[in-house]
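Visitor: A single structure is presented below for examination.
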Amino acid sequence: PLKMGDNVIGRYQKGNPANTAFETVDPSVDLNHCTITVSRDKKGGLRYTLKDNNSNTGTFIDNVELTPKERRVISDGTLFTLGATSIILRASSDEE
């Protein structure tokens, strides 16, 4: 689950400071791979912004690599790839 603000996504390892770490055997996922920032848009809906954290293998949306410092708005159903691991964003149906 994502929380409001910055969600640092990476491979789980004891002591890893990433607040949204997940367990994987994929060594191409960095410990601090990317960040999804959850905020509110002007209409009060949830907005998700993805950026790469200078990872070794890059962060891709629809097979297109994010450039350094690029931030891309993503939405429910967006497929993004970290190393060799693909993730689909599932937005909350309960937008509080």
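The values are calculated or read from the model by the stated rules, or taken from the named source; none is laboratory data. Remember, it's a predicted structure, so these values are computed and weren't measured experimentally. Because the Cβ atoms are built from the backbone with ideal geometry, glycine has one as well, and the counts that use them run over all protein chains shown. With ligands, DNA and RNA removed, areas are computed over all heavy atoms of the protein, side chains included. Shrake-Rupley method; radii C 1.70, N 1.55, O 1.52, S 1.80 Å.
Visitor: Restricting to the chain, what percent of DSSP beta bridges are antiparallel, rounded to 5? Mind showing how you got there, number by number?
Guide: On the way: 25 of 28 bridges.
Bridges in the chain that DSSP calls antiparallel: roughly 90 percent.
Visitor: Taking trypsin sites (Lys or Arg not before Pro) as exposed when DSSP calls them loop (any state but H, G, I, E, B) and at most 16 other Cβ atoms lie within 10 Å, what is the longest stretch of the chain free of them, the sites themselves excluded?
Guide: Counting at most 16 other Cβ atoms within 10 Å as exposed, the longest clean stretch of the chain is 15-41.
Visitor: Determine the relative contact order of the chain: mean sequence separation of Cα pairs under 8 Å and six or more apart, normalised by residue count, in whole percent.
Guide: For the chain, the relative contact order is 21 percent.
Visitor: State the percentage of accessible surface on the chain attributable to carbon and sulfur atoms; use a 1.4 Å probe and exclude ligands, DNA and RNA. Could the numbers behind the result be given before it?
Guide: Numbers: 3080 of 6140 Å².
After summing per-atom areas, the C and S share lands at 50 percent.
Visitor: In whole Hz, what ³J(HN,Hα) sequence does the stretch 66-83 give by Karplus (6.51, -1.76, 1.60; θ = phi - 60°), x for Gly and Pro?
Guide: 5, 7, x, 6, 6, 10, 10, 6, 10, 9, 3, x, 5, 9, 10, 10, 10, x
Visitor: Suppose every K and R has +1 on its Cβ and every D and E has -1 on its Cβ; what is the size of the dipole of the chain about the Cα centre, in Debye to the nearest 20?
Guide: Numbers: 12 positive and 13 negative charges, 61 e Å.
Charge dipole, the chain, about its Cα centre: 300 debye, nearest 20.
Visitor: With the crude spin-label approximation of a point 7 Å out along Cα→Cβ, what separation in nm comes out for Asn53 versus Lys14?
Guide: Each label point lies 7 Å from its Cα, and together they span 2.0 nm.
Visitor: Using the Kirkwood radius built from alpha carbon pairs, what does the Stokes-Einstein equation give as D for the stretch 1-58 at 4 °C and 1.567 mPa s, in µm² per second? Display every interim value, and only then the final one.
Guide: Numbers: Rh = 12.0 Å.
The calculation lands on 108 µm²/s.
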